[in-house]
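What follows is a single structure, written as structure tokens, with notes after it.
The values are calculated or read from the model by the stated rules, or taken from the named source; none is laboratory data. Worth saying up front: this structure is predicted, and the values here are computed from it rather than measured. Positions of Cβ are generated from backbone atoms using ideal geometry, with glycine treated the same way; all protein chains shown enter the neighbour counts. Just the protein is used for accessible areas: all its heavy atoms, side chains included, with ligands, DNA and RNA removed. Shrake-Rupley method; radii C 1.70, N 1.55, O 1.52, S 1.80 Å.
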Amino acid sequence: MNLNHRADAIGNTEDDFTNSSWLPGTIWQETVFERLYDACEGFAEDQEQYAGFMFGWLMRRVMIARKDGDWEMFKHHQPTDKTPRGTYYCRANRVRKAAN
């Protein structure tokens with residue numbers, strides 16, 4: 001998966017965003033992310049967590065380098081089991097969806 005393609009798919013409404021923890025999730029083997037996971041072996045006690053941190057840094061670099069306008073990134077101050085621990089990315093000038 002190309003991270004720029006992922007960002008291209010993010011719309012401009014308040015509900016459009018992505019999170020670095022959504023990719024690759026908890027399953028690394030037999031995915032395009034397996035090589036990153038394997039490269040992180042031996043760097044930390046928790047290989048999956050370390051690979052997730054490295055993926056997050058890669059995603060951040062991609063988002064910072066984009067030339068298609070302003071982007072915002074933020075984290076939840078107190079992540080829970082229901083909120084991902086990764087960084088959220090969205091377009092800076094999002095619009096509200098019309099009320100039904």
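The residues of the range 15-56 that are part of a loop (DSSP other than H, G, I, E, B), farther than 15 Å from G86 by Cα and open to solvent by less than 70 Å² (accessible area, probe 1.4 Å), listed by number, are D16, W28, T31, F33, C40, A44. With respect to the conditions (1) touching a strand residue (DSSP E or B) at 6+ places or on another chain (Cβ under 7 Å); (2) over 24 Å from K97 (Cβ atoms), I10 lacks only one, and its number is (2). Considered as a group, the residues in the range 1-38 that are within 26 Å of V95 (Cα to Cα) and aromatic (F, W, Y) include one that is modelled with the lowest pLDDT, and that residue is W22. Within the range 62-70, the presence of at least one residue that is touching a Phe, Trp or Tyr at 6+ places or on another chain (Cβ under 7 Å) and either free of Cβ contacts under 8 Å to residues at least 60 places away in the same chain or of a type in the set (A, V, I, L, M) (or both) is confirmed.
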